[in-house]
Amino acid sequence: QVQLVESGGGLVQPGGSLRLSCVASGIRFNAHIMSWYRQGPGKQRDLVAVISNDGTTNYVDSVKGRFTISRDNAKNTVYLQMNSLKPEDTAVYYCNVRILAQYWGQGTQVTVSS
């Protein structure tokens, strides 16, 4: 049974930083591409960052240079380091893996506000 558990969200002021974590179980973690998505209030869920099993990364333009996705295969964990946060980064952030079907975590709320 695939399970993804996110943590690390919270309230932060503009310009601040947060690090999100997602622990995966039920999969051979080092074999799969892992992704972070986000869904802002009243918006659709959008891709933020992707990391392949060889460590190659890709980002949506709006977060390039501010966010960093990484993975620790020994810990079955994918991270999203978010720096220089902006109010428009406010969203629920979800971890994702696609293995035939798509699997999602429960999400973690990130609120950027002064």
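The values are calculated or read from the model by the stated rules, or taken from the named source; none is laboratory data. What you see is a predicted model, and the numbers here were worked out from it, not measured in a lab. Ideal geometry is used to build each Cβ from the backbone, glycine not excepted, and the neighbour counts take in all protein chains shown. With ligands, DNA and RNA removed, areas are computed over all heavy atoms of the protein, side chains included. Shrake-Rupley method; radii C 1.70, N 1.55, O 1.52, S 1.80 Å.
Once fully extended, how much extra length lies between Thr57 and Gln102, figured as 0.36 nm per residue of separation less the alpha-carbon to alpha-carbon distance?
Computed gain between Thr57 and Gln102 is 14.3 nm.
Amide hydrogen proximity for Val110: with H placed 1.01 Å from N in the peptide plane, the residues at 5 or more positions away or on another chain lying under 5 Å are Gly10, Ala91, Val92, Tyr93. For the chain, modelled as a GNM whose springs connect Cα atoms under 10 angstrom apart, the maximal fluctuation among Leu47, Leu100, Leu80 occurs at Leu100. Below 13 angstrom from the Cβ of Ser84, what's the summed charge of the other residues (Lys, Arg +1; Asp, Glu -1)? Neighbourhood net charge equals +1.
With θ taken as phi - 60° and the Karplus curve 6.51 cos²θ - 1.76 cosθ + 1.60 applied, the whole-hertz 3J(HN,Hα) list for the range 76-91 is 6, 10, 10, 10, 9, 7, 10, 10, 6, 5, 10, x, 6, 7, 4, 4 Hz, x standing for glycine and proline. Pick out, in residue order, every one of the trypsin sites (Lys or Arg not before Pro) in the range 1-79 that is DSSP loop and has at most 11 other C-beta atoms within 10 Å; say none if there are none. Listed in order of number, the matching sites are Arg28, Lys43, Lys64. Only aspartates and glutamates eight or more places from Lys64 in sequence, or on another chain, were considered; those with a Cα closer than 17 Å are Asp46, Glu88, Asp89. In the chain, the portion of solvent-accessible area held by carbon and sulfur atoms comes to 46 percent [1.4 Å probe, whole percent, DNA, RNA and ligands not counted]. Across the range 43-58, coupling constants 3J(HN,Hα) worked out from phi with the 6.51/-1.76/1.60 Karplus curve, θ = phi - 60°, read 10, 7, 7, 10, 5, 10, 7, 9, 10, 7, 6, 9, x, 5, 10, 9 Hz, and Gly and Pro carry x. Solvent-accessible area per residue in the range 1-47 equals 57 Å², computed with a 1.4 angstrom probe and all protein chains kept. How much FRET efficiency would the formula 1/(1 + (r/R0)^6) give for Ser113 and Lys75, where r is the Cβ-Cβ distance and R0 is 41 Å, rounded to 0.05? Given R0 = 41 Å and the Cβ-Cβ separation, E is 0.85. Comparing the range 50-114 with the 2.2 N^0.38 Å rule of thumb, its C-alpha radius of gyration ratio is 1.20 (two decimals).
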